[in-house]
1. What is the number of the single condition among (1) buried (at least 19 other Cβ atoms within 10 Å of the Cβ); (2) at pLDDT below 95 that M1 does not meet?
2. Any idea which of T298, T342 is within 30 Å of V205 (Cβ to Cβ), of a type in the set (S, T, Y) and buried (at least 16 other Cβ atoms within 10 Å of the Cβ)?
3. Filter region 274-285 down to the residues that are outside any loop (DSSP other than H, G, I, E, B) and over 12 Å from the mean Cα position of the chain (by Cα), then identify the one that is nearest to I76 (Cα to Cα).
4. If we scan region 308-315, do we find a residue that is under 24 Å from S206 (Cβ atoms), small (G, A, S), at pLDDT 95 or above and surrounded by fewer than 21 Cβ atoms within 10 Å (Cβ to Cβ)?
5. Identify the single condition in (1) part of a helix (DSSP H, G or I); (2) surrounded by fewer than 23 Cβ atoms within 10 Å (Cβ to Cβ); (3) more than 22 Å from the chain's Cα centre (by Cα) that A67 does not satisfy, given that it satisfies every other one.
6. For region 214-234, state whether one or more residues are assigned by TED's automatic domain parsing to the domain that holds L119, touching a helix residue (DSSP H, G or I) at 6+ places or on another chain (Cβ under 9 Å) and farther than 18 Å from P47 by Cβ.
7. For region 295-385, which fully contained strands (runs of 3 or more DSSP E) count at least 1 residues that are within 25 Å of the chain's Cα centre (by Cα) and farther than 23 Å from H271 by Cβ?
8. For S323, only one of the following conditions fails: (1) assigned by TED's automatic domain parsing to the domain that holds L385; (2) touching a helix residue (DSSP H, G or I) at 6+ places or on another chain (Cβ under 6 Å). What is its number?
Amino acid sequence: MRIRPCSPIAFGDLPSRLRVFAAAGSRVTQRLLLLYLHIPFCHRVCPYCSFYKHTPGGTPIGAFIEALATEARARIRQPVRTVYLGGGTPSMLSPRHLERLFSALREMIDFSKLDEVTLEANPATFDAEKARLFRDLGVTRVSLGIQSFTPHVLESLGREHSAEQATESVAILREAGMPQVNIDLMFSIPGQSESDWERTLRHAVSLEPDHISAYNLTYEEDTAFFESLRRGEIRENEDTDARFFHLADAYLTSVGFDHYETSNYAKPGRHSSHNQGYWRGEDYLGLGPSAVSTLGDTRTKNLADTAGYITRVQSLGHALDDSETLDAEARRIERIALGLRTAAGIPLPLLGAEARQRAASLAAEGLARITDDGQLILAGQGRALVDPIAADLI
């Protein structure tokens, strides 16, 4: 599961619901904000990706950047703690467009006070000069969507970069002085063997990244892979998923990475501050088409159409398309679902009486542990079963 505000937790014409947003903003003015910007453009649409994205086509990217800047001016109303540019492929933006976007953000944000500025990047979309620009603009962390270092697996995934380009991209970022580099990897891909996965993990570690994200491929609606699954051309296998998961867990922790969230591993002190904010339930503001925001007890979602987003922002200053109020029970459920994914776990008081009994059973079976201060933390085989365990406890 990729925790980003363009699709963090699924939920369901704002007739002037901007007033709802304003009310939420007034309640949380003093809280530090996680800021997410969704850049929907990709050179090629990958068959597994369910995030809102498209090729540039006839979209005027300059107009999109101006709309993003306009939305930022209208909606950033509290101090920002982290910035994350995701997509899509933010790194495919031209230097001119990147400079314009960051210039606009600096009108509202003091970058010297930020914990982290992350940019998602495809290895095929930047060279040494562009990597230096990332750093000059204030990016402190690049998340590389590599997915695999095995050629036939990259081909299955529809990736446009080669294994050699992926390797070189890490060196380019290091030479540019990028403080932190994350490598995104994926497992349980059709045609991927355990030896393929092990070689990819070992090669990734040899590049000395600060952080590795290892995601289990999930089959999401509106993707080519989902249609292949529906037709019976490929199949899911939970046992295979578990073997790949535990292979990564055993190897990466043995070489010094903290397994601090179900899909995330980091060298000590290199955890993603932005993503940790999601898992802790902090406020986040999402800008761009399809982006989701949660401010206090109000969750809003932007229009998932880039042309429509530009038009709406130009006329209204925002592109809000849906809104809901989160009650205490909805918040509790999210805290359980997200908290169980982390090494910190969840406080037992979040659970009802029956669920606490089930938690005790999980601990007795070695699938979890309960700390002296009352935290429930998944352990052993339980870490690979986080979704069904969370569903059972909720």
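The values are calculated or read from the model by the stated rules, or taken from the named source; none is laboratory data. Predicted, not measured: the structure shown is a model, and the values here were computed from it. Counting neighbours? That spans all protein chains shown, and the Cβs are built from the backbone with ideal geometry, glycine included.
1. Every listed condition holds for M1 apart from (1).
2. Values: T298 fails: within 30 Å of V205 (Cβ to Cβ).
One residue alone meets the criteria, T342.
3. L285
4. At the first step, the residues of region 308-315 found to be under 24 Å from S206 (Cβ atoms) are none.
No.
5. Exception for A67: condition (2).
6. So far as region 214-234 goes, yes, one or more of its residues are assigned by TED's automatic domain parsing to the domain that holds L119, touching a helix residue (DSSP H, G or I) at 6+ places or on another chain (Cβ under 9 Å) and farther than 18 Å from P47 by Cβ.
7. 298-302, 320-325
8. (1)
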